[in-house]
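J.: I am attaching a structure below and will ask some questions about it afterwards.
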Amino acid sequence: MALDDPPQFPAELIEMIIKNGSDDPRTLASCSLVCRSWSPIARAQRFQRLSITPRSDTPPRCALLLCDPTSTVLPYVRQLDL
């Protein structure tokens with residue numbers, strides 16, 4: 001018996017799963033690859049607080065990333081530490 005629409009987890013449960021791994025950037029990166037609906041939730045956890053430590057030997061690529069109008073990261077940043 002085929003289903004027209006596959007069953008879906010409730011959004012609250014998905015958020016709980018992703019928040020449980022929010023201390024590990026690799027886990028959040030993996031969560032963002034599970035499916036399209038998980039990606040925004042994982043990105044919100046991963047990028048809500050960014051810390052940028054400038055180094056004199058490299059150009060400020062992070063600043064370019066944040067200033068890029070096509071950036072998919074910027075909407076999730078809530079706190080930026082320099």
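J.: Summing Lys, Arg as +1 and Asp, Glu as -1, what charge do residues with Cβ under 14 Å from the Cβ of Leu28 carry, Leu28 excluded? If you can, show how the numbers build up before the last one.
T.: Values: positive: Lys19, Arg26, Arg43, Arg46, Arg49; negative: Glu15, Asp23, Asp24.
Spelling it out: positives minus negatives among the neighbours equals +2.
J.: Evaluate the relative contact order of region 11-81 (contact order divided by residue number), counting alpha-carbon pairs under 8 angstrom at least 6 apart; express in whole percent. Don't skip to the answer; put the middle values down first.
T.: Values: 61 pairs, mean separation 20.4, N = 71.
Computed value for region 11-81: 29 percent relative contact order.
J.: Give the label of the value calculated from the structure for volume of the Cα convex hull per residue in Å³, choosing from [x] 148; [y] 129; [z] 78.
T.: Derived directly from the coordinates: [y].
J.: Moving to a separate point now. Given only helices, namely DSSP H runs of n ≥ 4 each adding -39500 (n - 2.57), what is the per-residue ellipticity at 222 nm of the chain, to the nearest 500 deg cm²/dmol? Walk me through the intermediate numbers first.
T.: Values: 4 runs with 34 residues, N = 82.
Mean residue ellipticity, 222 nm, calculated: -11500 deg cm²/dmol.
J.: Fewest Cβ neighbours within 10 Å first, please rank Leu50, Leu33, Leu28 accordingly.
T.: Values: Leu50 18, Leu33 10, Leu28 21.
Exposure proxy ranking, most exposed first: Leu33, Leu50, Leu28.
J.: If packing is taken as the mean number of other Cβ atoms within 10 Å per residue, what is the order of 71-82, 5-16, highest first? Don't jump to the answer; show the numbers that get you there.
T.: Values: 71-82: 12.2, 5-16: 9.8.
Per-residue Cβ counts within 10 Å, averaged per peptide and sorted highest first, yield 71-82, 5-16.
Every number here is computed from the coordinates shown, using simple stated rules; none is lab data. Just so you know, these numbers come straight off a predicted model, no measurement behind them. Using ideal geometry, Cβ is built from the backbone for each residue, glycine included, and neighbour counts are taken over all protein chains shown.
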